[in-house]
Amino acid sequence: MDERKPAKIVLRELQDRIAQDAWDAKQRGEKVGWCASNFPQEITTAMGIPVVYPENMGAAVGAKGGGQRMCEYAEGMGYSNDLCSYSRINFAYTDLKRCEELEIPFPDFLLCCNNICNCMIKWYENLALELDVPLILIDIPHLDAMTCDADRVKYIRAQFDDCIAQLEEITGKKMDYDRLNEVMSISQRSSKAWLRAVGYMSAEPSPFSGFDIFNNMAVACVGRGTVEAADAFEQLADEYAALVKEGKSTFKGEEKYRILFEGIACWSNLRFTYKTLQSRGINLTASIYGPAFSFLYSNLDELMAAYSYVPNSNCFEKELQLRVDDALKNKVDGAVFHMNRSCKHWSGNLYEMERQFREKTGVPTIVFDGDQSDPRCFSEAQYETRVDALTEIMEQRKKEAAQ
Amino acid sequence: MADIYTLGIDVGSTTSKCLILKNGTEIAASSLIPAGTGTSGPGRALAETLNDAGLKLEELAAVTATGYGRNTFEGADFVVSELSCHALGAAALMPGVRTVIDIGGQDAKVLRVSPAGRLERFLMNDKCAAGTGRFLEVMARVLETDVSQLAEMDEKAKGVVPISSTCTVFAESEVISQLAKNVDIRDLVAGIHASVAVRTAGLARRLGVTAPVGMTGGVARNAGVVRALEKELNAPIAVSPMAQLAGAYGAALYGFKKKEG
């Protein structure tokens with residue numbers, strides 16, 4: 001019998017430990033950074049530089065009920081309510097210097113990478129001015145082709161090398177390239193294990209409730225270069241494999257319908273959005289959001305290319321193909337598209353993404369309004385009505401298919 | 001064989017609609033109370049319909065609740081979304097209809113209905129509810145008239161004063177500023193209707209319009225909006241005299257089909 005703690009507990013504890021490590025480092029007088037979620041973490045992990053993630057803080061504050069208060073505070077500072085709620089929570093925290101839901105140590109430098117969001121450059125530039133700390137940007141050009149070519153790799157690589165030089169100067173720590181190779185190797189273990197874990201969603205029934213991705217992915221973002229994360233993701237994948245073998249699932253109730261959930265979770269309304277689906281026997285079995293925090297490569301040049309394959313950095317055609325492939329592989333009966341008012345990239349092309357996705361997969365879809373961490377954009381009744389109607393359409397289709 | 005009576009109740013945001021079907025085809029009774037979920041409306045609509053039909057609750061084969069307040073209505077055998085119910089009801093009231101536009105008190109929907117009357121797909125308004133029944137009520141109040149008078153005023157319009165704002169509050173200001181310019185109020189009503197039509201037609205085009213087109217919901221009673229929508233979509237729109245009861249009709253029909261197996 002496996003005496004280990006369940007992987008989800010190991011992951012949660014690891015997430016807490018990584019956060020505490022940053023506080024401890026700050027206490028010791030080490031330089032700590034604020035970092036964008038898809039910044040090449042291999043650099044900071046290999047150099048032993050602690051970083052924390054304002055985006056993760058924004059999600060956590062939203063999930064713990066502080067999103068509206070922090071957003072409203074930022075709006076009182078003069079920021080528009082059209083700005084991303086993660087950024088508004090971060091701006092409010094920067095000014096207040098406290099947040100009852102979650103706090104992160106203040107930064108000595110900023111690491112921005114625009115592969116997840118181009119608007120983020122302005123967010124971080126603003127922080128650099130407000131906090132008077134240096135900003136290092138790795139600019140990943142939007143990929144207007146299906147693959148990343150050599151010129152792009154060269155452009156990203158030059159910035160990668162320059163970032164290391166700047167960090168050496170800021171922190172006084174030197175890059176050890178053997179250690180970098182080791183971290184890259186560990187990151188591959190983590191990424192492959194995380195992809196293997198979420199890949200089990202294609203099983204019928206899926207071995208887990210798809211909303212678990214939103215909890216487990218945090219470590220994929222903040223700690224994938226650590227041995228502990230690689231071990232935990234391998235354990236998670238093994239646990240799912242065992243459940244598949246037994247035909248069991250952590251999803252509560254019968255998995256009557258399988259859906260693709262498009263977009264970032266509504267952290268402030270996570271429980272309601274989940275329960276509304278779960279109570280109708282709907283499990284999330286496809287999402288490109290969670291797997292986005294895995295990067296596959298076998299050398300440094302491939303690492304550069306991998307960081308340009310972040311979904312939000314891809315051309316529409318590639319993004320569409322990712323979703324269609326995911327939906328078909330994981331045999332979804334429908335799709336729920338989150339019109340995330342925070343995210344200009346995601347909401348900007350959502351209607352067209354929904355249309356082409358529906359036409360290519362043939363599954364019914366709904367679009368609902370919401371936000372990643374600002375609950376004012378979400379209506380429970382509007383969401384519930386759409387989910388009910390989607391369920392009725394999926395039920396009817398199953399009946400017709402059975403006849 | 002004994003007659004089968006099924007009741008559908010559509011608990012909307014502003015009105016409660018109730019209807020009893022006899023054997024899935026004949027309307028035994030119906031009622032419409034201008035008070036929606038969270039008020040006495042649903043209970044009154046239920047009591048009035050039962051009374052008019054001369055039936056008791058226990059004599060009903062099924063009660064199906066739909067609409068915004070469907071989950072809080074007690075005593076339903078079935079709870080079905082208003083989207084499926086409007087599709088079913090519209091297909092029964094307007095046989096052959098393929099596209100249904102439903103504008104209710106606080107949302108607008110466009111439905112694609114299968115030839116068999118099943119909901120195939122739908123779109124609803126996004127986070128802004130401008131262009132719905134509530135929008136017209138607000139505008140009627142500004143114009144010091146009743147929403148039921150808008151269609152007649154529109155019919156007498158000689159022109160259209162454009163209202164460009166999509167936000168209800170901004171549109172209200174725009175209407176007030178037009179009133180201050182002494183424009184013909186009937187032309188202003190035509191402009192209000194045109195703004196609703198443009199917004200709803202955009203939703204319909206996103207879904208794809210397949211003829212024949214029908215309209216349900218309270219706003220379908222406003223011939224001015226229907227005319228403006230026909231012009232915008234360049235297609236005739238069928239409206240049943242029972243348009244506002246289409247959801248309740250569909251709910252009653254759903255119950256009948258369930259009971260019939």
- Taking A:N349 and the conditions (1) polar (S, T, N, Q); (2) under 17 Å from A:Y289 (Cβ atoms); (3) within 13 Å of another protein chain (Cβ to nearest Cβ); (4) in contact with a helix residue (DSSP H, G or I) (Cβ under 9 Å, 6 or more places away or on another chain), which numbered condition does it fall short on, given that it satisfies the others? (3)
- Out of all the residues in region B:70-80, is one or more without any contact (Cβ under 8 Å) to a residue 12 or more places away in the chain, surrounded by fewer than 19 Cβ atoms within 10 Å (Cβ to Cβ), touching an Asp or Glu at 6+ places or on another chain (Cβ under 9 Å) and in the same structural domain as B:S16 (by TED's automatic domain parsing)? yes
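Suppose we keep only residues that are part of a helix (DSSP H, G or I) and of a type in the set (G, A, S) within region A:1-32. Which one would you say is nearest to A:M57 (Cα to Cα)?
Residues of region A:1-32 part of a helix (DSSP H, G or I): A:7-27.
Within this subset, residues satisfying the condition of being of a type in the set (G, A, S) are A:7, A:19, A:22, A:25.
Details: A:A7: 22, A:A19: 11, A:A22: 14, A:A25: 18 Å.
Filtering region A:1-32 for residues that are part of a helix (DSSP H, G or I) and of a type in the set (G, A, S), the one nearest to A:M57 (Cα to Cα) comes out as A:A19.
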- Checking B:A76 against (1) within 21 Å of the chain's Cα centre (by Cα); (2) within 24 Å of A:T391 (Cβ to Cβ), which single condition isn't satisfied? (1)
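So that you can scan it fast, the table gives a plain yes or no per residue for (1) closer than 28 Å to A:L320 by Cα; (2) of a type in the set (S, T, Y):
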{"position": "A:D162", "(1), (2)": "no, no"}
{"position": "A:E169", "(1), (2)": "no, no"}
{"position": "A:L180", "(1), (2)": "no, no"}
{"position": "A:Q188", "(1), (2)": "yes, no"}
{"position": "A:A203", "(1), (2)": "yes, no"}
{"position": "A:G210", "(1), (2)": "yes, no"}
{"position": "A:T226", "(1), (2)": "no, yes"}
{"position": "A:E239", "(1), (2)": "no, no"}
{"position": "A:F251", "(1), (2)": "yes, no"}
- Message: For region B:96-111, check the following and say yes or no: at least one residue is within 11 Å of chain A (Cβ to nearest Cβ), of a type outside the set (D, E) and in a strand (DSSP E or B).
- Response: yes
- Query: Would you say A:A74 is in contact with a Cys (Cβ under 8 Å, 6 or more places away or on another chain) and in contact (Cβ under 8 Å) with a residue 12 or more places away in the chain?
  - Reply: no
- Query: If only one of A:M70, A:M47, A:M77 is surrounded by 22 or more Cβ atoms within 10 Å (Cβ to Cβ) and modelled with pLDDT of 95 or more, which one is it?
  - Reply: A:M70
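Run down B:A53, B:A87, B:A91, B:A76 and say which single residue is more than 14 Å from chain A (Cβ to nearest Cβ) and of a type outside the set (S, T, N, Q).
Numbers: B:A87 fails: more than 14 Å from chain A (Cβ to nearest Cβ); B:A91 fails: more than 14 Å from chain A (Cβ to nearest Cβ); B:A76 fails: more than 14 Å from chain A (Cβ to nearest Cβ).
Going through B:A53, B:A87, B:A91, B:A76 in turn, the sole match is B:A53.
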- Item | B:V138 vs. criteria among the aliphatic types (A, V, I, L, M) and part of a helix (DSSP H, G or I) | yes
- Message: When the residues of region B:217-258 are narrowed to those that are in a helix (DSSP H, G or I) and without any contact (Cβ under 8 Å) to a residue 24 or more places away in the chain, which ends up farthest from B:I9 (Cα to Cα)?
- Response: B:E230
- Message: Looking at B:G214 and the list (1) outside any helix (DSSP H, G or I); (2) not assigned by TED's automatic domain parsing to the domain that holds B:L111, which single condition is not satisfied?
- Response: (2)
- Message: Take the conditions without any contact (Cβ under 8 Å) to a residue 24 or more places away in the chain, within 14 Å of chain B (Cβ to nearest Cβ) and under 30 Å from A:R157 (Cβ atoms) and apply them to A:G362. Does it pass?
- Response: no
- Has region A:71-81 got at least one residue that is under 19 Å from A:C221 (Cα atoms) and touching a helix residue (DSSP H, G or I) at 6+ places or on another chain (Cβ under 6 Å)? no
- Of the numbered conditions (1) among the polar types (S, T, N, Q); (2) away from every other protein chain (no Cβ under 14 Å); (3) without any contact (Cβ under 8 Å) to a residue 24 or more places away in the chain, B:S114 fails exactly one; give the number of that condition. (2)
- Task: Answer yes or no as to whether A:D374 is of a type in the set (D, E, K, R), surrounded by 15 or more Cβ atoms within 10 Å (Cβ to Cβ) and within 10 Å of chain B (Cβ to nearest Cβ).
- Result: no
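Quick check on A:M217: is it touching a residue at least 24 places away in the same chain (Cβ under 8 Å) and buried (at least 20 other Cβ atoms within 10 Å of the Cβ)?
On the way: touching a residue at least 24 places away in the same chain (Cβ under 8 Å): yes; buried (at least 20 other Cβ atoms within 10 Å of the Cβ): yes.
Yes, satisfied.
The values are calculated or read from the model by the stated rules, or taken from the named source; none is laboratory data. This is a predicted model, so every value here is computed, not measured. Don't worry about glycine lacking a Cβ; one is built from the backbone with ideal geometry, like all the others, and counts go over all protein chains shown.
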